[in-house]
Amino acid sequence: MKNFADFNGRKLFPSKIICVGMNYAEHIKELGSGNPKEIVLFIKPNSAISQTLFLPEERCRYEGEISFIVKGGELAGVGFGLDLTLSEVQKRLKNKSLPWEKSKAFDSSALFSRFVPFNDVESLKLELSINGQPAQNGGVRLMIYKPAEILAEVKQSFTLEDGDIIMTGTPKGVGSYHVGDSFKGEIISNGKVLVTGGWRVERAAS
């Protein structure tokens, strides 16, 4: 059975999650990466979606992201997303100029709040707290590639199906986490919280 996303109380079944890498200047500095000359896109499969935040055996990094669900080829709803990365695996693959999938597209590597309609895309911001302490914040105005640009670029290469999700990149403040940590992510528009997602970290089954 395919994993689902909740769009305003209705279940949609993403065929894929299209992710944007390195879309905030401060996050690029944080990782010590060079500025990409074009938009960086990669895909997580439906099997990456999870309702539970696991801690894998390998070192894992959280990345909070403004995420959109697609309907009719357009950005129909917004939600808070967590993109999990096996950081040491990714580093090893990058050093060998190999694809990232093993570090990015593994099972349970994508978590989402429910998705809700929105009006003012430019005002959208995210806030992530861990154990009640601020961890990440950022918004559309800080993105290198804005949502409309991302959507147009994605459409050049991929067929979008209803329920597909676009993750727009993470701001600075990424880091590792531990079993028992409590995550709370919010999407905010013009000072109003549109949607909240919450997870408590569990150890992944061996």
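Coordinate-derived values only; no laboratory data. Bear in mind the structure is a predicted one, so any value in this text is a computation, not a measurement. Virtual Cβ from ideal backbone geometry, glycine too; neighbours counted across all protein chains shown.
Things worth noting here:
- Taking the helices alone, the chain has a mean residue ellipticity at 222 nm of -4000 deg cm²/dmol, built from -39,500 (n - 2.57) per DSSP H run of at least 4 residues and averaged over all its residues.
- Cross-link pairs beyond the 20 Å C-alpha cut-off, checked among Lys2/Lys155; Lys16/Lys37; Lys44/Lys91; Lys16/Lys104; Lys125/Lys192: Lys2/Lys155; Lys16/Lys37
- Ranking of Asp164, Asp6 by count of other Cβ atoms within 10 Å, fewest first: Asp6, Asp164
- Here is the size of the chain from its Cα atoms: Rg then Dmax, 15.6, 44 Å.
- Cα centroid separation - segment 89-111 against segment 143-181, whole Å: 16 Å
- Within-11-Å neighbourhood charge of Phe68 [Cβ basis; K, R +1; D, E -1]: -2
- Dimensions of segment 160-206 along the principal axes, based on C-alpha atoms and rounded to the nearest Å, stand at 37, 31, 20, largest first.
- Local electrostatic count, Asp162, Cβ distance below 11 Å [Lys/Arg +1, Asp/Glu -1]: -1
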